[in-house]
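*Asks:* Below is one structure. I have some questions about it.
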C-alpha cells in the first residue's frame, strides 16, 4: 500500500514513467522531421555556417530548458511549465499562455497528422488521406487514454528508430570519409566543409533567415518537462534529461550535418530531397527512400503522440485553474481511475478531427498553413513568458539556492529572452513568415487584452 502512495499524485495521476522513458521522450522532442527532411534546404541557404546556427540555437534552447528544469526541481508536482507562469506572473498571464500553448499544440497535432497521411501515401497512394488520419489518430489517442506508461513506451521505440537512423548515417559517413570514397559528386572528405569557406556564401540575409527555420526545428524540446509530473524520481530525472539536451543536439544535429556536408559538397546538395536519402543512395543502399520515409513517418507519429499527451495535460491544467463551479472545471478538471486526464485528451483529440476536412479542401488548406505558422510564432511568446516566470521564481521564497540552478543566470536569462525576441522580430524580414508573425501579434493583443479585462472584472467582483 505504501508503494502505491508513493507512485500516486494527489490529483489521481500516477508517477509511472521511468528514467529510460523520460530520456527517450527528451530525445524524441529534440529530434524532429526538420533534421531528416528540412536540413537540406537550410544547408543550401547557409552552407557550412549552418553548424553555427544550430550551435547558437541549441545553446539558447539548453538555457531555456535549464530555467524550466530549475522551476520543476523546486516543485516537481506541476504537470506543465505553464503552471509556473500562473504562479509567478499571475492568473491573467497563465490563462493567456495556457490557452495559447494548448491551441498551438492542437495545430501541431493537425500538422503532424497531415504529415503522417502524406508519408503513408508513399506505400498506399490510393488510400484516401482521411482514412489514414482517422486510423492513426484513433490508435495514438487510444494509447494515451490507457496509461501514461503506454504512451511513454511507444515514444521510447519511436525515438529509438530516429536514433538508429542518425547513428547509421554518421557511421556510414565516417566510413566513407575515412575511405575517401568517390561518388558522382566528388570525394567524401571533411575538406568539403572547409574548402572555399565563407561565412555568408549566399548573403547575410539567407544566413539570418535560417535562424527561424532552425528555431522551429527545435520547437517541442520542452515536451520532456511535461512528463516530470508523472515521473518516478522527478528531481533526479529532470537534471539528467535537461543536462543532456545540449549533448544530444551536438551529437545528433551537428554530427549528422558534418557527415552530410563531408560526403556531399554542400553546393551539390539538393534542397528538395532529404539529405539522408541522398547519403544512403550514394552509399549504395537501394531502399534508401523507403527507409527514410519510414523514419519520417515514425518521427511524425512520435510528434503527434507527444502533442496528444501534452495537449491533454495542458487543457487539464487550464481546467483546474478555472472558476469554481464553471463548466470548464466541472467537466475537464478530472482524472480517470487509471490516472489519465481523459476528458481533456478527448477534447483535444476531438478538435484534431477537423484535419480530414482540412485536407479535403485547398482553400482551408491554405488557411490552415497560415494558422499553423501563427501558432508556431506564438510559441516564441510562450517561451519568453516562461523565462520571465523563471526570473520571478528567482525573486520568490520558493527559490532553492542549492537546487538545479540555471548557469550564470544574471547574464544568460536576459540574453535568452532578448534572443527569443530577436527571432520573433526576424520573422518580419522573411516574406513567408510575415503573415504568421502579424497574426501572432494580433492574437497577443486581442486575446491578451480580453484575458486582462476579464481578470480585472473577476478581481473587482471578488473584492
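Read-outs throughout are calculated quantities, based only on the coordinates presented, and are distinct from any laboratory measurement. Everything numeric in this text was worked out from a predicted model, so none of it was measured. Virtual Cβ from ideal backbone geometry, glycine too; neighbours counted across all protein chains shown.
*Asks:* Order 185-192, 310-317 from most to least packed using the mean count of other Cβ atoms within 10 Å.
*Replies:* Highest-to-lowest ranking by the protection proxy: 310-317, 185-192.
*Asks:* Using only Cα atoms, tell me the angle between helix 234-243 and the longest principal axis of the chain; keep it within 0 to 90° and round to the nearest 10.
*Replies:* 30 degrees
*Asks:* Quote the relative contact order of the range 14-462 in percent (integer), defining contacts as alpha-carbon pairs under 8 Å separated by 6+ residues.
*Replies:* Numbers: 646 pairs, mean separation 152.8, N = 449.
Reported as a whole number, the value is 34 percent.
*Asks:* Give me the distance between the Cα centres of the range 394-415 and the range 331-350, rounded to whole Å.
*Replies:* Using only Cα atoms, the two centres lie 34 Å from each other.
*Asks:* Let me ask you something else. With the crude spin-label approximation of a point 7 Å out along Cα→Cβ, what separation in nm comes out for residue 147 versus residue 205?
*Replies:* 5.6 nm
*Asks:* If you take all C-alpha pairs in the range 170-251, what percent of them are over 20 Å apart? Please list the in-between numbers first.
*Replies:* On the way: 2078 of 3321 pairs.
Of the Cα pairs, 63 percent sit more than 20 Å apart.
*Asks:* Which three extents, in angstrom, do the Cα atoms of the range 220-291 have along their principal axes, listed largest first?
*Replies:* 46, 23, 19
*Asks:* Another question, then. For a protection proxy built on the mean count of beta-carbon atoms within 10 angstrom, sort 328-334, 261-267 highest first, please. Please report the intermediate quantities before stating the final value.
*Replies:* Numbers: 328-334: 16.3, 261-267: 21.1.
The densest-packed peptide leads the list: 261-267, 328-334.
*Asks:* For residue 191 and residue 399, FRET efficiency with R0 = 41 Å and r from the beta-carbon atoms, rounded to 0.05? Please list the in-between numbers first.
*Replies:* Values: r = 51 Å, r/R0 = 1.23.
The value I calculate is 0.20.
*Asks:* Shifting gears a bit: For a protection proxy built on the mean count of beta-carbon atoms within 10 angstrom, sort 167-178, 442-453, 49-60, 88-99 highest first, please. The partial results should precede the final answer.
*Replies:* On the way: 167-178: 17.2, 442-453: 14.1, 49-60: 18.8, 88-99: 21.3.
Ranking the peptides 167-178, 442-453, 49-60, 88-99 by packing returns 88-99, 49-60, 167-178, 442-453.
*Asks:* Same structure again: I'd like the FRET efficiency for residue 324 and residue 134, computed as 1/(1 + (r/R0)^6) with the beta carbon distance as r and R0 of 30 Å, rounded to 0.05.
*Replies:* Numbers: r = 37 Å, r/R0 = 1.24.
The pair residue 324/residue 134 has a calculated efficiency of 0.20.
*Asks:* To one decimal place, what Kirkwood hydrodynamic radius in Å is obtained for the chain from all pairs of distinct Cα atoms? The partial results should precede the final answer.
*Replies:* Numbers: mean 1/r = 0.0434 Å⁻¹.
Computed over Cα pairs of the chain, the Kirkwood hydrodynamic radius comes out at 23.0 Å.
*Asks:* Another one. Compute the helix-to-body angle for 288-320: its Cα long axis versus the longest principal axis of the chain, expressed 0 to 90° and rounded to tens.
*Replies:* 10 degrees
*Asks:* Given axes a ≥ b ≥ c from the Cα gyration tensor, I'd like to know whether the range 260-340 is rounded (a/c under 1.5), prolate (a/b larger than b/c) or oblate.
*Replies:* Values: a/c = 6.17, a/b = 3.40, b/c = 1.82.
Prolate shape, in that a/c is at least 1.5 and a/b is the bigger ratio.
*Asks:* With axes computed from alpha carbons, what is the tilt in degrees of helix 148-179 against the longest principal axis of the chain, rounded to the nearest 10 within 0 to 90?
*Replies:* 20 degrees
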